[in-house]
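Heads up, the thing below is written out as structure tokens.
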């Protein structure tokens, strides 16, 4: 099992969710996050006082998957979140040791 | 300026009722002007008073509140809210008497402390002979001015002062700066005292210091805006800059709130300016139009200046421009023509944009919400500008002479001097009183919160609550 953590532009979140649904993924966790990367921040100006905003808002999508569909999932997320411009985000794939469904106590792939 | 039904008027009315010699009664009434309260004027003044209350709570509170960081939002709302309530009581206890009864040229007397002697029948003079409004209403209307002025000051030192220090300072400043300024500029015997040249001179000698100097201030450019602006400047210089000024982000927590507040101020300002006419007549309509046009012109002017100089037109800039325009037209609104009002607005928008960007960064003081930059600078520009826009040659109404009952000959040079007397007196008086009042409060209570409190936020540390739970 793998855990995919994708950092995407907030307005691409719906596209990513739809693409994952089509693939048969039954659940994701989304967090509103801020960060910085190659995409530079912007300046805000209030009555002449200039503030540089370094941290830009992004959406963090976390989804746990069986090994079989990880490559497809990465492909559809990449496609859905791509605008071709700097700041599209990143996808991290990590190994997942265990998954437990709290209600039933199922573990492993059954719990996905 | 307050008078009661004279015995003569009662006699005249009784004679009329009895049908005895209508002609004789009319003749007698012409000799001594009949003093009446007009229900239309009264109804308008009730509405105007409510509108000025709306300017303070929640207008000014939200306008200022939106500009601070989220951790200090409630401290600003609270300061405005409590200052309003506190000044209301002080006004009834001694404020009204000290500002609006006869005394010397600087302070009124104590004859109406605790509103002594005022009854539902008491009358307050307007600007037309024989026309009066109920004195209770005049007390309430002027109360709202006395309440908003101290609240304007807090913008200069928001985010770093002790709540208790603010209240103590306001008690002193209200007593020794607001009340005498209001007396100096606005106290006079009322139009009915100006029956002939001799009586006019005698009446003028009882008026406030700046009234005698001929300073024109229709709705409080000097008394309210310069007065508060100077106090704010002295305050932010004495209290010092916020921690992180020019280093950390001190960006507004909600320009949306600021826009709502600015809009409530704008709407309420029609009560402030038009209400200052005290009557619902043609002049009130002129004041209304002037107030509307000057603020719209200043909004556009600030926006254009910002767009040209900084590349982007901002909502905060638009809201600030509207307030700058309202400040500048306040002293002039009863004497300017509509085109004069637009001119005044166009100038003040750009001037105040410069004062809160260029001037402030050059001099390096931390006037958090630009109480001085907008109200002080805008007020001074409006006060001097009043001399120009009042000029009948520039479409103004000129100044009414209550002795000859016509528009007096307008002398621009002399009027500019009169306006400068107003500005200069206010700067010195408010500056000195503010300095002394801040010193006293600093010794007794301490003006500034500790560094820990400032970092944590005034809402939690001073008031035990937070504005937002998201």
Original post:
In whole angstrom, how far apart do the alpha carbon centroids of the range A:1-16 and the range B:242-309 sit?
Top reply: 44
Subject >> Inter-probe distance in nm under a simple model that places probes 7 Å from Cα toward Cβ, at residue B:119 and residue A:14 >> reply: 7.1
Subject >> Two-decimal ratio, the range B:130-205, of alpha-carbon radius of gyration to 2.2 N^0.38 Å >> reply: 1.53
Subject >> Descending Cα extents along the principal axes, the range B:54-177, whole Å >> reply: 52, 25, 22
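Give the Kirkwood hydrodynamic radius (Å, one decimal) of the range B:353-470, defined as one over the mean of 1/r across all pairs of different Cα atoms.
Numbers: mean 1/r = 0.0539 Å⁻¹.
18.6 Å is the Kirkwood radius here.
Going by average Cβ neighbours within 10 Å, how do the peptides B:419-426, B:375-382 rank, with the highest at the top? Walk me through the numbers before you get to the answer.
Values: B:419-426: 22.1, B:375-382: 29.1.
Packing proxy ranking, top to bottom: B:375-382, B:419-426.
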Original post:
Expressed in whole Å with the largest first, what are the equivalent ellipsoid semi-axes of the range B:37-463 derived from the C-alpha gyration tensor as the square root of 5 times each eigenvalue?
Top reply: 34, 25, 19
Original post:
Hey, can you rank B:362-368, B:68-74 by average C-beta count inside 10 Å, highest first?
Top reply: B:68-74, B:362-368
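When the helix-only estimate is applied to chain B (DSSP H runs of n ≥ 4, each -39,500 (n - 2.57), divided by the residue count), what is the mean residue ellipticity at 222 nm, nearest 500 deg cm²/dmol?
On the way: 20 runs with 266 residues, N = 470.
So the helix-based figure for chain B works out to -18000 deg cm²/dmol.
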**OP:** Would you calculate the volume per residue, in Å³, of the smallest convex hull containing every Cα atom of the range A:1-102?
**Re:** 120
Subject >> Ellipsoid equivalent to the range B:279-399 - semi-axes via the Cα gyration tensor, in Å >> reply: 26, 14, 12
Subject >> Cα point-scatterer Debye curve for the range B:161-206, base-10 log of I(q)/I(0) at q = 0.14, 0.22, 0.24, 0.31 Å⁻¹ >> reply: -0.51, -0.75, -0.81, -0.98
**OP:** With no solvent and one equal point scatterer placed on each C-alpha of the protein assembly as shown, evaluate the Debye formula and give log10 I(q)/I(0) for q = 0.06, 0.13 Å⁻¹, two decimals.
**Re:** -0.41, -1.25
Original post:
Once you average over the residues of A:47-59, how many Cβ atoms of partner chains fall within 10 Å of each Cβ?
Top reply: 4
Original post:
So how tilted is helix A:13-22 from the main axis of chain A? Cα-based, degrees 0 to 90, rounded to 10.
Top reply: 20
Subject >> Rel. contact order, % - alpha carbon contacts under 8 angstrom, at least six apart, chain A >> reply: 42
Original post:
Hey, how much of the P(r) for the range B:125-275 falls beyond 26 Å, as a percent of Cα pairs?
Top reply: 40
Original post:
So, in nm, how far is label residue B:195 from label residue B:439 when the simple model puts each one 7 Å beyond its Cα toward the Cβ?
Top reply: 4.9
Subject >> Order of B:335, B:44 under a 10 Å beta carbon neighbour criterion, fewest first >> reply: B:44, B:335
Original post:
Do you know the relative contact order of the range B:37-463, to the nearest whole percent, from alpha carbon pairs under 8 angstrom that are 6+ apart?
Top reply: 23
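Order of B:133-145, B:275-287, B:338-350, B:389-401 by packing, highest average Cβ count within 10 Å first?
Details: B:133-145: 21.9, B:275-287: 20.3, B:338-350: 23.5, B:389-401: 17.9.
Packing proxy ranking, top to bottom: B:338-350, B:133-145, B:275-287, B:389-401.
Read the figures in this text as sums done on the coordinates, not as results from a lab. If you're wondering where the values come from, they're calculated on a predicted model, not measured in any experiment. We place every Cβ from the backbone using ideal geometry, glycine too, and count neighbours over all the protein chains shown.
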